[in-house]
Amino acid sequence: MNTAAGKVALITGGSRGIGAATAIRLAEDGADIAFTYSQSADRAAEVVDRIKAVGRRALAIQADSASSAAVRDAVSQTVAEFGRLDILVNNAGIGVLAPIHELTLADVDRTLDINVKGAFVASQAAAEHMADGGRIITIGSCVGPRVAGPGASLYSLSKTALVGLTKGLARDLGGRGITANLINPGPIDTEMNPAGAENPTADWQRGYVALGKYGETEDIAAAVSYLAGESGRYVSGAELAVDGGFAV
């Protein structure tokens, strides 16, 4: 069933990892897709080709999510290209992991600019264009509600802030039938956090997962698909853990 048939989705940070998997899944569900990317035009072109391969339209937008102007422009470009915007997935994010005494104010500024302000600005801009019944889905982290080890104070701060943003959006936009929800992934096998031996923390992370293994990007994309589709119409202001039972 094409749960997003005829819809238009914008995914921030959509050229790789969870963002790319989400873009492709929503295209398979029937949506036309715009997505932002920061650096790799080649990666973005590959995602565009995969979206077009399932018969949907695609638009790749180069944008630094730390720039409020670039984020707003990405929303405007999406609406100009497709004539509407129904689904926003706030996926762009960075992780600076270090003991608190090693973190700089530059680390703080860039992390909060991308992970928090970027999501706020994208949501604010998207809400101006969304018709009733739209969807705002934000990708958080299992390290938001549970900090299982040292070095995650800044990253956890940025991801925990998304809880308040999501619940506030749900209240502000609920009268228009627009839902806002937060997905908290656990350890997911991506370039940023690979499950293999090249990642010295992979076994440590698996040790906190009840299922004893990393998840796949498609696991998060499937959760986005549910919340974006008709089946998720009565879910709003919620935090959905897709983490294999991380630190239960």
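Just so you know, all these numbers are worked out from the coordinates, no wet-lab data involved. Only a predicted model underlies this, so the values are computations on that prediction, with no experimental measurement involved. Positions of Cβ are generated from backbone atoms using ideal geometry, with glycine treated the same way; all protein chains shown enter the neighbour counts.
Exactly one residue among 172, 132 is among the acidic types (Asp, Glu) and part of a loop (DSSP other than H, G, I, E, B), and that residue is 132.
Output the qualifying pairs, or none if there are none: Cβ atoms under 9 angstrom, residues six or more apart or on different chains, first residue in region 41-54 and over 12 Å from residue 23 (Cα atoms), second residue surrounded by 13 or more Cβ atoms within 10 Å (Cβ to Cβ) and among the basic types (Lys, Arg). Sorted first by the residue in region 41-54, then by its partner, the pairs are 43/16.
Does residue 106 satisfy the condition of being of a type in the set (A, V, I, L, M, F, W, C) and out of contact with any Ser or Thr (no Cβ under 7 Å at 6 or more places or on another chain)? Spelling it out, residue 106 is indeed of a type in the set (A, V, I, L, M, F, W, C) and out of contact with any Ser or Thr (no Cβ under 7 Å at 6 or more places or on another chain). The number of residues in region 192-246 being part of a loop (DSSP other than H, G, I, E, B), aromatic (Phe, Trp, Tyr) and closer than 16 Å to residue 138 by Cα comes to 0.
Of the numbered criteria (1) crowded, with 21+ Cβ neighbours inside 10 Å; (2) over 13 Å from the mean Cα position of the chain (by Cα); (3) closer than 25 Å to residue 164 by Cβ, the one residue 182 fails is (2).
One residue stands out among those in region 53-66 that are assigned to a loop (DSSP other than H, G, I, E, B) and under 17 Å from the mean Cα position of the chain (by Cα): the one that is surrounded by the fewest Cβ atoms within 10 Å (Cβ to Cβ), which is 64. Can we say residue 112 is part of a helix (DSSP H, G or I), surrounded by fewer than 17 Cβ atoms within 10 Å (Cβ to Cβ), touching a residue at least 12 places away in the same chain (Cβ under 8 Å) and under 16 Å from the mean Cα position of the chain (by Cα)? When the stated conditions are applied, residue 112 passes them. Only residues that are farther than 19 Å from residue 130 by Cβ and under 18 Å from the mean Cα position of the chain (by Cα) were counted in region 69-78, giving 1. Scanning region 16-33 for residues that are over 12 Å from the mean Cα position of the chain (by Cα) and farther than 22 Å from residue 233 by Cα yields no hits at all. Just to be sure before I move on: is residue 151 surrounded by fewer than 16 Cβ atoms within 10 Å (Cβ to Cβ) and either part of a helix (DSSP H, G or I) or out of contact with any Asp or Glu (no Cβ under 6 Å at 6 or more places or on another chain) (or both) in the structure I sent? It is false that residue 151 is surrounded by fewer than 16 Cβ atoms within 10 Å (Cβ to Cβ) and either part of a helix (DSSP H, G or I) or out of contact with any Asp or Glu (no Cβ under 6 Å at 6 or more places or on another chain) (or both). The selection criterion, being within 15 Å of residue 25 (Cβ to Cβ) and of a type in the set (Ser, Thr, Tyr), holds for residue 225.
Being part of a loop (DSSP other than H, G, I, E, B) and surrounded by fewer than 24 Cβ atoms within 10 Å (Cβ to Cβ) is the filter here, so list the residues in region 1-24 that pass it. Before you say what the answer is, go through the steps one by one.
Narrowing region 1-24 to residues part of a loop (DSSP other than H, G, I, E, B): 1-7, 12-16.
Scanning region 1-24 gives 1, 2, 3, 5, 6, 7, 16.
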